[in-house]
Amino acid sequence: MLFKILCIIAAILTTSSFIPQAVKTIKTKDTSGISFGMYSMFTTGVLLWVSYGLFIKDIAIIVANIITFIFALIILIYKIGNMKKGGEEEY
């Protein structure tokens with residue numbers, strides 16, 4: 001029971017840590033300090049965690065990673081858009 005509570009707290013903290021960056025990116029549309037490579041790999045990894053959660057039927061893993069995936073994908077979409085406009089380098 002204690003382990004499950006710790007798991008839920010960790011999921012909430014990890015997931016909510018992306019909210020400030022997503023909000024800032026949406027407001028400013030500035031992604032110049034964000035690495036395309038890092039966010040590409042991270043977003044893919046989170047999607048794999050969702051798949052794993054579905055496989056083992058763990059709702060905490062599924063929900064936390066779906067929410068994280070959405071925030072990471074928003075940031076990644078802005079980054080790709082800025083790179084296509086030619087305003088930012090891919091690094």
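The values are calculated or read from the model by the stated rules, or taken from the named source; none is laboratory data. All of these numbers come straight from a predicted model, not from anything done at the bench. Here the Cβ positions follow ideal geometry from the backbone for every residue, glycine too, while neighbour counts run over all protein chains shown.
Answer yes or no as to whether residue 69 is buried (at least 17 other Cβ atoms within 10 Å of the Cβ), without any contact (Cβ under 8 Å) to a residue 40 or more places away in the chain and either assigned to a helix (DSSP H, G or I) or not aromatic (Phe, Trp, Tyr) (or both). Can you show your working first?
Details: buried (at least 17 other Cβ atoms within 10 Å of the Cβ): yes; without any contact (Cβ under 8 Å) to a residue 40 or more places away in the chain: yes; either assigned to a helix (DSSP H, G or I) or not aromatic (Phe, Trp, Tyr) (or both): yes.
Criteria met by residue 69.
Picking from 52, 91, which residue would you name as being surrounded by fewer than 17 Cβ atoms within 10 Å (Cβ to Cβ) and modelled with pLDDT of 95 or more?
After applying the criteria, what remains is 52.
Does residue 31 satisfy the criteria of being at pLDDT 90 or above and not in a helix (DSSP H, G or I)? Quick ask: steps written out before the conclusion?
On the way: at pLDDT 90 or above: yes; not in a helix (DSSP H, G or I): yes.
For residue 31, the condition - at pLDDT 90 or above and not in a helix (DSSP H, G or I) - is met.
For region 25-75, enumerate the residues that are of a type outside the set (Gly, Ala, Ser), under 23 Å from residue 4 (Cβ atoms) and in contact with a Ser or Thr (Cβ under 7 Å, 6 or more places away or on another chain). Explain how you work it out, then say what you get.
Taking region 25-75 first, the residues of a type outside the set (Gly, Ala, Ser) are 25-31, 34, 36, 38-39, 41-44, 46-50, 52, 54-59, 61-63, 65-71, 73-75.
Among the residues that remain, those that are also under 23 Å from residue 4 (Cβ atoms) are: 46, 48-50, 52, 54-59, 61-63, 65-69.
Passing the criteria: 46, 67, 68, 69.
All but one of (1) modelled with pLDDT of 95 or more; (2) of a type outside the set (Lys, Arg); (3) within 10 Å of the chain's Cα centre (by Cα) hold for residue 71; which doesn't?
The failed condition is (1).
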